[in-house]
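The values are calculated or read from the model by the stated rules, or taken from the named source; none is laboratory data. Keep in mind that what you see is a predicted model, and the values were worked out from it rather than measured. A quick note on method: Cβ atoms are made from the backbone with ideal geometry, for glycine too, and the neighbour counts reach across all protein chains shown. Note: accessible area is taken over every heavy atom of the protein model, side chains too, but ligands, DNA and RNA are not part of it. Shrake-Rupley method; radii C 1.70, N 1.55, O 1.52, S 1.80 Å.
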Amino acid sequence: MNDRFLRACRREPVDATPVWFMRQAGRYMPEYRKLREKHSLLQLCKTPELAVQVTLQPLPLGVDAAILFADILLPLEPMGAPFEFAAGEGPVIRDPIATRSQIDALRLIDPEDSLAYVMTTIRALKRELQVPLIGFAGGPFTLASYLVEGGKSANFAKTKKLMFGAPDAWALLMEKLAEVVRRYLRAQVAAGVDAVQLFDSWVGDLAPADYVEHVQRHSRHVLRDVQTATGVPVIHFGTGTATLLESMRDAGGTVLGVDWCTPLDQAWARIGYDRAVQGNMDPCALLATREVAVKHAQRVLDAAAGRPGHVFNLGHGILPETPVDHVRAVVEHVHGAGGRGSA
Ligand code: CP3
């Protein structure tokens with residue numbers, strides 16, 4: 001078993017810097033696009049044999065961890081908020097949350113039961129993998145934003161109107177989402193995942209005071225519980241978080257995600273060296289040439305300076321237009337001359 005990734009999460013010495021990529025299974029890979037010609041995204045997620053196959057697709061690139069193939073929105077369906085993935089538009093929630101009674105009606109699910117297909121996928125993957133398996137869930141704020149907006153949003157106007165205008169209803173929504181996410185991550189660990197990541201992708205759209213007032217304790221409910229009850233590394237991820245890093249750290253996480261707008265050395269100094277960090281290459285730096293990609297990877301490695309506790313990743317997911325060759329070149333560079341084991 002290659003345990004570099006888990007060792008780095010625990011800030012232990014490693015033989016080379018571990019690397020994996022958010023969205024490492026996906027449309028930039030020809031093998032994935034081929035499967036998507038025959039199956040919808042939800043079919044891939046809900047059919048364990050297919051989800052296993054997709055999870056394994058990026059491993060020949062040499063990455064040090066696998067991430068479960070699923071989607072952060074899956075728990076919304078059994079909670080009572082079904083959705084679809086519309087071609088080219090991303091997710092569409094059938095009945096977006098607009099009233100208190102809709103929030104009251106959301107169910108606190110048992111993920112072992114209503115997301116049993118995810119647990120089946122995890123158990124099957126654990127029989128095949130030589131690298132650690134990362135489970136994941138959406139952060140309460142990010143999930144709430146999809147539920148309220150009904151899909152992607154440019155400014156989160158409806159979400160923030162609820163948050164600022166009806167703080168009690170907002171708090172109930174966040175409590176329900178946090179409790180479901182807590183149970184879901186615990187179930188994934190029980191099924192066998194070796195680490196989990198909380199994707200709070202859009203939390204960076206909040207002012208720091210609003211994050212602290214309306215989001216932080218709900219994220220803490222998830223992060224603290226999963227960390228203390230399971231002992232597996234917990235990665236706390238967001239983007240646009242330059243002004244939120246300390247508040248996100250205080251909410252919890254063994255490893256803090258760092259986007260590309262904050263230099264990694266500065267981010268790490270603010271977070272504190274008692275936590276590991278993950279990131280922070282610009283996903284767009286993979287698009288130009290192999291040389292450019294490797295140069296940006298080296299910049300991240302230089303900022304990490306061989307300190308124990310660096311997991312190499314992008315600051316956000318791999319873009320569909322990314323050349324597979326550039327990804328492979330970065331993996332080789334991080335593992336080779338550029339990537340240092342911690343002294
Ligand atoms: O390889 C992996 O990282 C694991 C699989 C994974 C998916 N979604 C599959 C997927 C993961 C970790 C996610 C997380 C996810 N899903 C997030 C948080 C991460 C992030 O990028 O910020 C969010 C916000 C979602 C919700 C979601 N799912 C959106 C907004 C979209 C549409 C946007 C797009 O890229 O088209 C999806 C669709 C989705 N989920 C795809 C994949 C591989 C797109 C591919 C497809 O349509 O086949």
How about segment 309-326: which of its residues are closer than 23 Å to PRO60 by Cα, part of a loop (DSSP other than H, G, I, E, B) and not charged (D, E, K, R)? GLY315, HIS316, GLY317, ILE318, LEU319, PRO320, THR322, PRO323
Can you tell me which of VAL203, VAL180 is modelled with pLDDT of 95 or more, out of contact with any Pro (no Cβ under 6 Å at 6 or more places or on another chain) and either of a type in the set (A, V, I, L, M, F, W, C) or open to solvent by less than 40 Å² (accessible area, probe 1.4 Å) (or both)? VAL203
Leading residue by the ranking (surrounded by the most Cβ atoms within 10 Å (Cβ to Cβ)) among those in segment 309-329 that are hydrophobic (A, V, I, L, M, F, W, C) and within 16 Å of the ligand (Cβ to nearest atom): LEU314
Inside segment 87-185, counting only helices (runs of 4 or more DSSP H) that do not spill past its ends, which hold 1 or more residues that are within 16 Å of the ligand (Cβ to nearest atom) and not charged (D, E, K, R)? 116-128, 140-149, 157-165
When segment 62-73 is examined, which residues are found to be more than 9 Å from the ligand (Cβ to nearest atom), buried (at least 18 other Cβ atoms within 10 Å of the Cβ) and either farther than 14 Å from LYS126 by Cβ or over 19 Å from the mean Cα position of the chain (by Cα) (or both)? VAL63, ASP64
Name the single residue that is nearest to the chain's Cα centre (by Cα) among those in segment 250-265 being open to solvent by 10 Å² or more (accessible area, probe 1.4 Å) and within 27 Å of TYR184 (Cα to Cα). THR254
Subset of segment 269-283 that is closer than 19 Å to ALA8 by Cβ and among the charged types (D, E, K, R) - its residue that is surrounded by the most Cβ atoms within 10 Å (Cβ to Cβ): ARG275
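Let's see how each residue does on (1) open to solvent by 60 Å² or more (accessible area, probe 1.4 Å); (2) within 16 Å of the ligand (Cβ to nearest atom); (3) at pLDDT 95 or above; (4) assigned to a strand (DSSP E or B):
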site	(1), (2), (3), (4)
VAL226	no, no, yes, no
MET248	no, yes, yes, no
ALA267	no, no, yes, no
ALA285	no, no, yes, no
ALA288	yes, no, yes, no
VAL292	no, no, yes, no
ARG307	yes, no, yes, no
GLY341	no, no, no, no
Cβ-Cβ under 8 Å, sequence separation 6+ or interchain: first residue in segment 24-52 and without any contact (Cβ under 8 Å) to a residue 60 or more places away in the chain, partner of a type in the set (Asp, Glu) and more than 9 Å from the ligand (Cβ to nearest atom). Which pairs? LEU42/GLU84
Does segment 146-158 contain at least one residue that is more than 21 Å from the chain's Cα centre (by Cα), open to solvent by 10 Å² or more (accessible area, probe 1.4 Å), over 25 Å from LEU223 (Cα atoms) and among the hydroxyl-bearing types (Ser, Thr, Tyr)? no
Against the definition (polar (S, T, N, Q), within 18 Å of PHE237 (Cβ to Cβ) and at pLDDT 95 or above), how does GLN24 come out, yes or no? yes
Checking the conditions here, which among PRO82, PRO30 is more than 12 Å from the ligand (Cβ to nearest atom), open to solvent by 60 Å² or more (accessible area, probe 1.4 Å), over 19 Å from ARG127 (Cβ atoms) and out of contact with any Phe, Trp or Tyr (no Cβ under 6 Å at 6 or more places or on another chain)? PRO30
Could you tell me whether ARG11 is touching a strand residue (DSSP E or B) at 6+ places or on another chain (Cβ under 7 Å), surrounded by 15 or more Cβ atoms within 10 Å (Cβ to Cβ) and of a type in the set (D, E, K, R)? yes
